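One structure below.
The values are calculated or read from the model by the stated rules, or taken from the named source; none is laboratory data. None of the values given here were measured: they were computed from a predicted structure. Neighbour counts are summed over all protein chains in view; Cβ atoms, including those assigned to glycine, are modelled from backbone coordinates with ideal geometry.
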Amino acid sequence: MKSFVPVVVAGALAAATGTAAAGDETDERPWSISATAYAYVVPDEPDFIMAIVPADVRLLHLEARYNYEAQRSGSAFIGLNVRWGEKLKLVFTPMFGGVAGDLDGLIPALRLQLAWWKLDLFSESEIVFSLDDSGESFFYNWSELGILPVPWLRTGIVAQRTRVYQTPLDTQRGLFVSGTYRFLTLTLYEFNLGWTTPTWVVALSAAF
């Protein structure tokens, strides 16, 4: 999802894992690695922690996740970063991976990052093919449209379609704001306020 989002876009998506000044520095290095922990406060369900650790070695992208596709499940991916443009920057990352735990499956995925001026778009989609029950296969997406009014502050809108927890809305939407200091990024996400009881997510990222 996302670890990549605060780190790279705000200074680098990093993720792989997005875009301004820090992004330029990342392009000059042969490798980068980041880690993000997401604390989910979900109405009427137990709160939980999600973790993502992406790493890039030149064109190669590697990523490990926990509680991402499903709770009590871990997943791993390998992919390829393809970059275009200077003023308008595009990073296209096709990936393939698998998940094991409470959910067992195979996952083709695609990450798209687009940056221009102070604006950026991040979108990650994947299809989880369940190995236990084909009826449990599903489509996942996390998308952000952000603006950096100053280099250390990023804010915008976010949407997601997930199975890791349930709400009355199939597609959740909301707002986010994040601040970056050196290699740390703190982000607050709000989903569904005005539609139903909101879900809150606090993310802390470190980029190296």
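Okay, residues lined up against (1) more than 22 Å from ILE49 (Cβ to Cβ); (2) among the small types (Gly, Ala, Ser); (3) touching a strand residue (DSSP E or B) at 6+ places or on another chain (Cβ under 6 Å):
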site	(1), (2), (3)
ALA109	no, yes, yes
LEU112	yes, no, yes
GLN166	no, no, no
THR180	no, no, no
THR187	no, no, yes
What's the number of the only condition in (1) loosely packed, with under 12 Cβ neighbours inside 10 Å; (2) under 18 Å from ASP102 (Cα atoms) that ARG65 fails to meet? (1)
Exactly one condition in (1) modelled with pLDDT of 50 or more; (2) crowded, with 24+ Cβ neighbours inside 10 Å; (3) under 23 Å from TRP116 (Cα atoms) is false for GLY11; which is it? (1)
Output the number of residues of segment 90-136 satisfying the condition of being aromatic (Phe, Trp, Tyr) and under 18 Å from LEU60 (Cβ atoms). 2
Please name all residue pairs, on different chains or six or more residues apart, with Cβ atoms under 8 Å, provided the first residue is in segment 136-151 and is under 12 Å from THR162 (Cβ atoms) and the second residue is assigned to a loop (DSSP other than H, G, I, E, B). PHE138/ARG163; TYR140/GLU69; TYR140/THR162; TYR140/ARG163; TRP142/MET1; TRP142/LYS2; TRP142/THR162
Selection within segment 106-154 - under 18 Å from THR93 (Cβ atoms), touching a Ser or Thr at 6+ places or on another chain (Cβ under 8 Å) and among the polar types (S, T, N, Q): GLN113, SER123, ASN141, SER143
Working only within segment 126-151, note down all residues that are farther than 25 Å from LYS87 by Cα and modelled with pLDDT of 95 or more. GLU126, ILE127, VAL128, PHE129, SER130, LEU131, SER137, PHE138, PHE139, TYR140, ASN141
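Yes or no, residue by residue, for (1) within 23 Å of ALA76 (Cα to Cα); (2) loosely packed, with under 14 Cβ neighbours inside 10 Å:
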{"residue": "LEU114", "(1), (2)": "no, no"}
{"residue": "TRP117", "(1), (2)": "no, yes"}
{"residue": "ASP120", "(1), (2)": "no, no"}
{"residue": "ILE127", "(1), (2)": "yes, no"}
{"residue": "ASP132", "(1), (2)": "yes, yes"}
{"residue": "TRP152", "(1), (2)": "no, no"}
{"residue": "ARG161", "(1), (2)": "yes, no"}
{"residue": "THR167", "(1), (2)": "no, no"}
Answer with yes or no whether SER123 is under 13 Å from the mean Cα position of the chain (by Cα), of a type in the set (Ser, Thr, Tyr) and in a strand (DSSP E or B). yes
At negative phi, among the hydrophobic types (A, V, I, L, M, F, W, C) and crowded, with 17+ Cβ neighbours inside 10 Å: does that describe ALA55? yes
